[in-house]
Amino acid sequence: TGKFFMRISFISEEGVGQQALIEGFKPVAAKFEMDAEIHDAAKRMKVLLMVSRFGHCLNDLLYRWKIGALPIDIVGVVSNHFDYQKVVVNHDIPFHHIKVTKDNKPQAEAQLLDLIDQSETELVVLARYMQVLSDAMCRKMSGKIINIHHSFLPSFKGANPYKQAYERGVKLIGATAHYVTADLDEGPIIEQDTARITHAQSAEDYVSIGRDVESQVLARAIHAHIHR
């Protein structure tokens, strides 16, 4: 691309504030034709989690958040089902049920966008949320939605990737965390991992092993994003 990327983490020994640093760096950035951003590492990113009926990633993220291993502000959890309402409420986090059907998709998405605006959400995490977001939503939130795909992309897209993997006789399964774009499961990859499996295991075993991989990969992807 002919571009050079650099991320620097630093502490101002003079105690200079963020705004002063931003203003002071502008002439330097202009001179070298740089796109530069200065963020305060102590400021937690506001994150909205979304889940359907598989709760392993949600539970993992809630635990990491609770013990301080994932320094984010969870502004709420959205689901199209009620399965995890109690778990979320017990963590003192707002739970939002947004029902999604073939007929109400535009209204449901409008409701979601309102919630994102009201909560000042900076990042949406699809923690095994099983509804496809519209192209308009993907464009509007470009670079701000992370999805965990339960497959080692791009081998097995769509439904039942572990069943597809089992039938293909693969020896490695994995998970991929990626940014959501209008192309289903094809956005820029952030993080991936794999686990070895054998012919002695079943498709159900793959699912079980995959759950652990998915949880770890999603957490690492969020960690990378919030640290920019």
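The values are calculated or read from the model by the stated rules, or taken from the named source; none is laboratory data. What you are looking at is a predicted structure, and each value in this text was computed from that prediction instead of being measured. Here Cβ is always computed from backbone atoms with ideal geometry, including for glycine, and neighbour counts include all displayed protein chains.
Worth a mention:
- Single residue of the range 79-98 satisfying the filter (among the β-branched types (Val, Ile, Thr) and in a loop (DSSP other than H, G, I, E, B)) that is farthest from residue 109 (Cα to Cα): 93
- Residues of the range 35-57 that turn out to be within 25 Å of residue 102 (Cβ to Cβ) and in contact with a strand residue (DSSP E or B) (Cβ under 6 Å, 6 or more places away or on another chain), as a count: 4
- Pairs, first at positive phi and modelled with pLDDT of 95 or more in the range 1-26, second part of a loop (DSSP other than H, G, I, E, B) and loosely packed, with under 10 Cβ neighbours inside 10 Å, C-beta under 6 Å, six or more apart: none
- Residues being among the polar types (S, T, N, Q) and under 30 Å from residue 175 (Cα atoms) - total across the range 18-75: 2
- A single entry from 178, 150, 199 fulfils the requirement of being in contact (Cβ under 8 Å) with a residue 12 or more places away in the chain and either among the polar types (S, T, N, Q) or out of contact with any strand residue (DSSP E or B) (no Cβ under 9 Å at 6 or more places or on another chain) (or both): 199.
- Enumeration of residues in the range 27-62 that are at positive phi and part of a helix (DSSP H, G or I): none
- For beta carbons closer than 9 Å, sequence separation of 6+ or different chains, a first residue in the range 126-139 that is touching a residue at least 60 places away in the same chain (Cβ under 8 Å) and a second that is among the small types (Gly, Ala, Ser) and assigned to a strand (DSSP E or B), the qualifying pairs are 129/79.
- Near pairs, Cβ below 6 angstrom, 6+ apart or cross-chain, from the range 159-171 (touching a residue at least 40 places away in the same chain (Cβ under 8 Å) and within 15 Å of residue 199 (Cβ to Cβ)) to any residue that is surrounded by fewer than 16 Cβ atoms within 10 Å (Cβ to Cβ) and not β-branched (Val, Ile, Thr): 162/203; 166/203
- Any hit, the range 44-57, residues being within 20 Å of the chain's Cα centre (by Cα), loosely packed, with under 15 Cβ neighbours inside 10 Å and farther than 21 Å from residue 18 by Cβ: yes
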